[in-house]
1. Scan the range 1-48 for residues that are under 28 Å from GLY127 (Cβ atoms) and basic (Lys, Arg) and jot them down.
2. In the range 31-38, is there at least one residue being in the same structural domain as LEU14 (by TED's automatic domain parsing), under 22 Å from ALA6 (Cα atoms) and among the β-branched types (Val, Ile, Thr)?
3. Among helices (runs of 4 or more DSSP H) lying entirely in the range 1-88, which contain 3 or more residues that are in contact with a strand residue (DSSP E or B) (Cβ under 7 Å, 6 or more places away or on another chain), aliphatic (A, V, I, L, M) and surrounded by 11 or more Cβ atoms within 10 Å (Cβ to Cβ)?
4. Would you be able to tell me the number of residues in the range 89-100 that are within 30 Å of LEU12 (Cβ to Cβ) and either in a strand (DSSP E or B) or touching a strand residue (DSSP E or B) at 6+ places or on another chain (Cβ under 8 Å) (or both)?
5. Consider the range 1-18. How many of its residues are touching a Leu at 6+ places or on another chain (Cβ under 9 Å) and among the polar types (S, T, N, Q)?
Amino acid sequence: MRLPTADWQNILKLLEYPTLADYREQEGFETDEAALESYKSLPLGERMPIDSDKFEPEHLPGFTDGDWPEWPAQEALRWVPRDVQQRFGKSVSSSINGPFLTLDPTRASEIIAAMAELGYVCERDDGLVRSASGDG
């Protein structure tokens, strides 16, 4: 799965590590090759990741705290229409990450009808749900 460009740009802002170009300028390297070799020797956490680095989700800000990626049930409080939330769901609070929306799955057809009345197009996509929930 590929990360949307906007999400990647937000992650880069959160990392706040020097880029290779910044590092080369700071340290006064004369060539890109020398700067790259030195830059690679810095541990992740002191520099931006480079293509040859093994991806470790723990390096992403907020990942181990459960703050990134967004939690779909919590995001639902933002985008599910208030009327639908009040009629078919409830806001529940987790002890660490705050409130999230629960919807009664036995009322799925009613929820879909209410959303359709508001102009939403609803389709079942279990793979997309798993992916959005971090299980994809």
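1. ARG2
2. No.
3. Here the list reads 72-79.
4. Keep residues of the range 89-100 that are within 30 Å of LEU12 (Cβ to Cβ), which gives 94, 96-100.
Add one more test, that the residue is either in a strand (DSSP E or B) or touching a strand residue (DSSP E or B) at 6+ places or on another chain (Cβ under 8 Å) (or both), and what stays is 94, 98-100.
Counting residues in the range 89-100 that are within 30 Å of LEU12 (Cβ to Cβ) and either in a strand (DSSP E or B) or touching a strand residue (DSSP E or B) at 6+ places or on another chain (Cβ under 8 Å) (or both) gives 4.
5. Within the range 1-18, residues that are touching a Leu at 6+ places or on another chain (Cβ under 9 Å) and among the polar types (S, T, N, Q) number 0.
The values are calculated or read from the model by the stated rules, or taken from the named source; none is laboratory data. Because the structure is a prediction, the values reported are computed rather than measured. As a convention, Cβ positions derive from the backbone with ideal geometry for all residues, glycine included, and neighbour counts pool all protein chains shown.
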